[in-house]
Amino acid sequence: MNILNVVLLSIVWSIFLIAAGLLILGVERKITARLQWRVGPPWWQNFTDIIKLSAKETSIPERANRFIFIFAPIVSFLGALAAGVIIIFSLLYGISFRGDLITVIFLLTLPYSGLILGGSSSGNALASVGSSRALKLTLACELPFIASLVLIILKSNLSTSIYNIVNMQKNTGINFFSVSGFIAFFVAFWGSIGKLGIVPFDLAEADTEIAGGALFEYSGILLGFFKLTKAVLFIVVPLLLIASFFGSFNVLAWILEYLVIFLLLIIVKNTNPRLRIDQSLRFFWKVIIILIIASFVFMKI
Amino acid sequence: MKKIIVPLGPDHPLFEEPEFFILHCDGENVVDVEWQAGYNHRGIEKISETKHWDQVTFLVERICGICSNSHPVAYANAVENLLGIDIPERAKYIRTIISEMERLHSHLLWAGLAGHFLGYNTVFMWVWKYREPLLDMMEMLTGNRNNYSMIKIGGVRRDINDEQIKALRKTLDTLKTQNEMLTKVVLDDPVLQARLVNVGVLTKKDIKDYGAVGPVARASGVDIDVRRDNPYAAYSFIDWKVITRENGDVFDKAVVRLLECFESIKIIQQCLDRIENKKGEILNEVKEIPPGEGIGRHEALRGEVFHYVRSDGTSSPIRHKIRAPSYVNVPTFKKSCIGQTISDVAIILAGVDPCYCCTERVSVYDANTRKKKNVTWTEIVRKSQEKTKKLKKS
C-alpha cells in the first residue's frame, strides 16, 4: 500500500468514524428516550446539532487563554480520531507497528486532557471545577483501563501490536473466555465508562450541578469538536475492547460484539445516578483495583 | 488556600425559577453559602389590597403554580376565621380531597426532580409519567390541570359526582401500586443511598433554631403538622398519621415525602367513602365582610402556609400578609450546605423542595453604589408616606 492510499483511506475512515459515532449517539438517545417513556429525537438529531453548531458564532471569553482555549477541543478530537484510525487499519488491513497499542492508549488520553485544558483555560469558576473533576476522574479511570490492557499485552507474549494481539487469539483462545480475560474485560468496561464520561461518571459536565462544567464557556464549532470527540470515542473505545478481548477478523462478529458492549453501556447509564467525585475515586481505587489484582493473579488461566 | 466563588444561578439548570446562590468553595468543599432573592417579586400582598375579597382567592392561587390550592385554602381559612363561620361538611371533604391530591402530585414532582438533579433521568421520567393521570383527574374534578380555582370563601366552587369518584378511585389504586414500586426502587438502591444518606443533615435543634416546617422538619424528627395540630377542613374526621423520621438527611426527606403519598391516598379514599352516594350543600354564601381580622393556616406541600387578613368593612382587604413555608426552610441551607461538596449542595438545595416565588421579597439595586439590598417593611411604609406627602403638595 503506497503512502497516498494510506492517507486517502485514513480520511475515508475518519469520516466513517464521525458519521458512525453521531449515528450511534442518535440511537443511544432514542433507546434512552424509549426507556424513559419519551418519544426522543430522530436518529439524525446529532448530525443537525453539529451542523447547527458549526454555523454558530464562537465566542471566546476575555479572560480565557486564547491559544489553549481554541486548540484544546481540536487536539482532543484529533486524538480520538487518530486512535480510531490506527485500530481500524490494524484490524482491516493488517497495517500495524510495534507499540501501536501503547500509541492508542496515549491517544485516548488526549480527549480528557483537552477537556481539562479547555476548562481550566476558559477562566470560569464552574469550568475550573469541571476540569478539576475531569483531572481526578482521568487519574481514577485511566488506571484500570490501562492495567487491563497491560494484562492483555502480558497474555500475548509481550506483543504490543494490535494486529498481533488479535492474531494470537486465534491460536491461544479468545481472551474473554479465559478467567483473567473475563475479569479484565469488566475492569476495562468500567474504565471505558469513565473515559466516555457517561452517567454515573459524567461529573466533569454534570449539568444540574455545575451547568456543563468544563464545557461551560464553549460555543459554536469548538463545542462541536467536543461533541464530535464524544461521538468518535463511542466507537473507538468499544472497538479497542473488541480487538483486545474478542480477537477475530470477522466484521459481523465485530458488529455483534459492539452492540453487546453498547447495550451494557446504555443499561449502566440509565439505571444509575451520578456519583460524587470522591465516590468515583473510591470505586476505581478500592473496588476495581481488587479485580485488577485478581486478573493478574489468574493470568495463566 | 485561595477560595473560589461558584455561582449557582440566577439562571441555572438546578432551579426552575431564577434564584442566586453564591457558594464560597475551597476546592470542591463549600465553606459558605449566600442567598440573594428578588428576581421574581410580584407584590401579590399589595395587589390583593386592590382586589375584591372573592378575587383574592384566585389571585393567591397565582403565587405558586404547585401550591395553587394551598394558598386559597389558607386564605379562605383566614377569611372564615374573620367571619366566624363554618363551611358545609361536603365542602370540607372536597377541600381535603383537592388538598391531598395536590400533595400527591407535588411530592411525586419533587421525587422526579430529585432524580434529575442526581443525573438519574430514568427516575425523573418514570415518576412524572405516574404523576400524569393525577393531573388528568385534577382536570376532571376542577377543570384545570393547575391553578384549580376550586376554593371559594365559604365553601368550594364545584361538586364531585359519583362517576368522578369512581374514576378517581381507579386512578388512586393504580397510583398506589406504582408508588409502592417506586418507593422500593428508590429506597433499596445502594448507589442512591450512597448519594443521599448522611448528606445535608439537619438536627432537631437546627430545625428549632431556624423554625423550619413541613417535611423538612418531620424528616428531622420534629413532629409538627398543621393538619393534626390545628385541624381544619375534614382532617379531624379522618384516620391518618403524621410521618416522621429521625436522621434529617436528604434520604429521610425523600422517605418522608414518599410515605406521605400513601397517607394522602388513604385520606382521599376515606373522604370519597364519606361523600359517595350523598348530596349536600357545598357553599355557605357570604354576602359581606365585617371589620375585623383573621388568620388562616394550612399544611401546604412544603410546610405550614400562613395568611393574615384585616378588613375595614369595605370590599377588599386593607392588609393581607402571606408567609409561605419556603421562607423559613430556605435559610437552613446555611447549616446543611457548609462543609459539603458542590455535588451534594445541589441535592441539598433541592432537598427542602424550595419554592422561590412564594419566598421572594423586594430588593433594590442601587445603580450608584452597585449594591443590592432587601427592603424592610418599615422602609416601604416610610417611602410610601414620603410619596403621599409629595403628591399632596403638588
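The numbers here are math on the coordinates, done by the rules we state, and not lab data. Bear in mind the structure is a predicted one, so any value in this text is a computation, not a measurement. Here the Cβ is made from the backbone with ideal geometry for all residues, glycine too, and neighbour counts use every protein chain on show.
Computed from the C-beta positions of B:K278 and A:I60, the FRET efficiency with R₀ = 45 Å rounds to 0.05.
With viscosity set to 0.692 mPa s and temperature to 37 °C, compute the Stokes-Einstein D of segment A:3-297, Rh being the Kirkwood radius across alpha carbon pairs; µm²/s, no decimals. Walk me through the intermediate numbers first.
Numbers: Rh = 19.6 Å.
The calculation lands on 168 µm²/s.
Computed from point charges on the beta carbon alone (+1 for Lys and Arg, -1 for Asp and Glu), the dipole magnitude for the protein assembly as shown about its Cα centre is near 940 Debye.
Across segment B:249-324, counting alpha-carbon atoms alone, Rg and Dmax equal 18.4, 49 Å. Neighbours of B:E49 by Cβ distance under 12 Å: Lys/Arg scored +1, Asp/Glu scored -1, total +3.
Which of the helices in chain A, when you take each full DSSP H run, stretch at least 27 Å along the axis at their Cα atoms and have an average Kyte-Doolittle score of 1.0 or higher? Intermediate results must be reported in sequence, preceding the final value.
Numbers: long enough: A:3-35 (47 Å, 1.77); A:66-92 (39 Å, 2.34); A:100-121 (31 Å, 1.45); A:125-155 (45 Å, 1.45); A:220-245 (38 Å, 2.15); A:251-270 (28 Å, 2.25).
Membrane-span-like by this rule: A:3-35, A:66-92, A:100-121, A:125-155, A:220-245, A:251-270.
In chain A, taking the dipole from charged Cβ atoms about the Cα centre, the farthest positive-side position among A:L81, A:S132, A:G194 is held by A:G194. Other residues within the sphere of radius under 10 Å centred on the Cβ of B:P10, judged by their own Cβ, net out at -3 (K and R +1, D and E -1).
Can you tell me how segment B:250-394 classifies by the Cα gyration tensor, rounded, prolate or oblate, using a/c under 1.5 as the rounded cut?
Details: a/c = 4.03, a/b = 1.12, b/c = 3.60.
Verdict is oblate for segment B:250-394.
State whether segment A:209-300 is rounded, prolate or oblate according to the following rule on the C-alpha gyration tensor (a ≥ b ≥ c being the square roots of its eigenvalues): a/c under 1.5 gives rounded; otherwise a/b larger than b/c gives prolate, and the remaining case gives oblate. It comes out oblate by the Cα gyration axes. Placing a label point 7 Å from the Cα of B:E45 along the Cα-to-Cβ line, the residues of segment B:348-362 whose backbone N sits under 16 Å from it are B:357-362.
Which entries of B:K152/B:K208; B:K170/B:K279; B:K129/B:K278 show an alpha-carbon separation above 31 angstrom in the structure shown? Kindly include the intermediate steps, with their values, before the conclusion.
Working: B:K152/B:K208 34 Å; B:K170/B:K279 22 Å; B:K129/B:K278 33 Å.
Pairs exceeding the cut-off: B:K152/B:K208; B:K129/B:K278.
Estimated from helices alone, the mean residue ellipticity of chain B at 222 nm is -15500 deg cm²/dmol (sum of -39500 (n - 2.57) over DSSP H runs with n ≥ 4, per residue).
How much FRET efficiency would the formula 1/(1 + (r/R0)^6) give for B:E16 and B:L187, where r is the Cβ-Cβ distance and R0 is 25 Å, rounded to 0.05? All intermediate terms of the calculation are to be shown ahead of the outcome.
Working: r = 25 Å, r/R0 = 1.01.
Result of the calculation: an efficiency of 0.50.
Would you order A:Y93, A:Y258 from fewest to most other beta-carbon atoms within 10 Å of each residue's own beta-carbon? Can you show the working numbers first?
Working: A:Y93 13, A:Y258 19.
With the sparsest Cβ surroundings first, the list reads A:Y93, A:Y258.
For B:K253, the aspartates and glutamates whose Cα comes closer than 14 Å to its Cα, not counting residues fewer than 8 places off in the same chain, are B:D223, B:D353.
Among all the lysines, which ones have a C-alpha under 26 Å from B:K373's C-alpha, if same-chain residues fewer than 8 places away are not counted? Once the sequence-local lysines are set aside, what remains near B:K373 is B:K3, B:K46, B:K321, B:K334, B:K335, B:K383, B:K387, B:K389, B:K390.
Between the listed residues B:Y232, A:S244, B:S336, the Cα displaced farthest toward the positive end of the dipole of the protein assembly as shown, a dipole computed from Cβ unit charges relative to the Cα centre, is found at B:S336.
Seen from all sides and averaged, what is the projected area of the convex hull of the Cα atoms in the protein assembly as shown, in nm²?
Details: hull surface 147.8 nm².
It is 37.0 nm².
The trypsin sites (Lys or Arg not before Pro) found in segment B:1-99 that occupy coil by DSSP, while having at most 13 further C-beta atoms within 10 Å, are B:K2, B:K3, B:R42. Ranked by how many other Cβ atoms sit within 10 Å of their own Cβ, fewest first, the residues A:R63, B:R319 fall in the order A:R63, B:R319. Taking all Cα pairs closer than 8 Å and separated by 6 or more residues, the relative contact order of chain A comes to 26 percent. Computing Rg and the Kirkwood Rh from the Cα coordinates of chain B gives a ratio, Rg/Rh, of 0.98.
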